[in-house]
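Worksheet: one structure, shown below.
The values are calculated or read from the model by the stated rules, or taken from the named source; none is laboratory data. Given the structure is predicted, the values throughout are model-derived calculations rather than measurements. Here the Cβ is made from the backbone with ideal geometry for all residues, glycine too, and neighbour counts use every protein chain on show. Remember, those area values only see protein heavy atoms, side chains included, never the ligands or the DNA or RNA. Shrake-Rupley method; radii C 1.70, N 1.55, O 1.52, S 1.80 Å.
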Amino acid sequence: DQLVIAIDGPSGSGKSSVSKAVARELGAAYLDTGAMYRAITYSVLADGTDLSDANAIAQAVRDAQLEISVDPDAELVEIGGVDVTAAIREPRISEQVSTVATNLDARAELVRRQQEIIKANLRIVAEGRDITTVVAPDADARILLTASEEARLRRRGLQLGGTQNDSQLANQVLARDAKDSTVVNFTQAADGVMTVDSSDLDFEQTIAAVLDAIST
Ligand code: CDP
């Protein structure tokens with residue numbers, strides 16, 4: 001039988017590192033769906049696609065030759081044969097990624113590809129913003145990983161009202177979440193989705209809480 005674990009959460013909830021650790025623990029594959037949105041963003045920026053042209057962005061997603069590793073111990077993202085694993089983490093990508101994420105045709109195509117990847121793996125932990133609700137609503141376990149705003153910014157090494165750079169970056173993270181949540185609701189658990197609040201948990205405790213939620 002296939003085992004699918006769906007984990008959603010906002011920026012700084014610890015989603016990626018926790019999901020990866022949970023995948024290792026379960027001997028499962030790991031899918032970082034955010035990396036797919038980031039890779040498309042990298043590609044449209046590199047190609048000079050007009051970001052205000054929704055159709056052009058949707059077409060770019062349909063045309064994209066996107067490869068993503070599902071090995072939790074070997075991160076690799078390639079688009080058009082180019083290794084963009086490191087480049088997709090750059091701030092310029094984080095700043096623009098919501099343009100792709102709020103494009104409904106782009107989402108439909110990425111959701112389709114994510115479902116294909118999930119189907120191809122016997123055991124998989126998939127992580128993002130809409131996995132519990134859209135990509136894998138029938139997953140064996142569905143978890144929303146939340147954390148207070150303060151905890152989320154702290155994990156990003158940021159503080160509102162800190163240095164000017166700090167609060168500027170902090171505002172960017174919150175603005176991205178606000179923009180993302182206009183198309184997907186990851187701030188409230190949908191029916192049947194378990195919430196794990198990591199505000200007062202350290203990394204190991206969060207992993208334990210998620211594994212606990214999976215086994216119940
Ligand atoms: O940096 P952070 O962990 O917050 O985000 P990420 O998981 O790398 O995802 C980057 C961006 O991709 C998010 O801000 C969303 O705009 C988008 N995303 C999405 O819309 N749906 C998903 N399932 C995953 C990511």
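Descriptive notes on the structure:
- Test result for V173, in contact (Cβ under 8 Å) with a residue 40 or more places away in the chain, open to solvent by less than 80 Å² (accessible area, probe 1.4 Å) and within 14 Å of the ligand (Cβ to nearest atom): yes
- Verdict on A136 being within 13 Å of the ligand (Cβ to nearest atom) and free of Cβ contacts under 8 Å to residues at least 40 places away in the same chain: no
Yes/no per residue for (1) of a type in the set (G, A, S); (2) touching a Cys at 6+ places or on another chain (Cβ under 8 Å); (3) part of a loop (DSSP other than H, G, I, E, B); (4) under 14 Å from V18 (Cβ atoms):
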site	(1), (2), (3), (4)
Q159	no, no, yes, no
S167	yes, no, no, no
A178	yes, no, no, no
F186	no, no, yes, no
S199	yes, no, yes, yes
V210	no, no, no, yes
I214	no, no, no, yes
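- Restricting attention to the stretch 102-114 and to residues that are touching a helix residue (DSSP H, G or I) at 6+ places or on another chain (Cβ under 6 Å) and under 23 Å from V4 (Cα atoms), the residue that is farthest from the ligand (Cβ to nearest atom) turns out to be E109.
- Taking the criterion of being more than 7 Å from the ligand (Cβ to nearest atom) and open to solvent by less than 20 Å² (accessible area, probe 1.4 Å), the residues of the stretch 15-37 that qualify are V18, S19, A21, V22, A23, A28, A29, Y30, L31, M36.
- A search for C-beta distances below 8 Å between a residue of the stretch 76-99 that is surrounded by fewer than 15 Cβ atoms within 10 Å (Cβ to Cβ) and any residue that is in a strand (DSSP E or B), counting only pairs 6+ apart in sequence or on different chains, returns L76/E67; L76/I68; L76/D83; D83/V77.
- Subset of the stretch 78-98 (residues that are assigned to a helix (DSSP H, G or I) and either charged (D, E, K, R) or more than 15 Å from the chain's Cα centre (by Cα) (or both)): A87, R89, P91, R92, E95
- Whether a residue is small (G, A, S) and in a helix (DSSP H, G or I) was assessed, and S11 does not pass this test.
- If you go through the stretch 50-77 and keep only what is among the aliphatic types (A, V, I, L, M), within 16 Å of the ligand (Cβ to nearest atom) and part of a loop (DSSP other than H, G, I, E, B), you end up with L51, A64, V70, L76.
- Residue within the stretch 147-164 that is more than 16 Å from the chain's Cα centre (by Cα), within 21 Å of E90 (Cβ to Cβ), open to solvent by less than 80 Å² (accessible area, probe 1.4 Å) and at pLDDT below 85 present: yes
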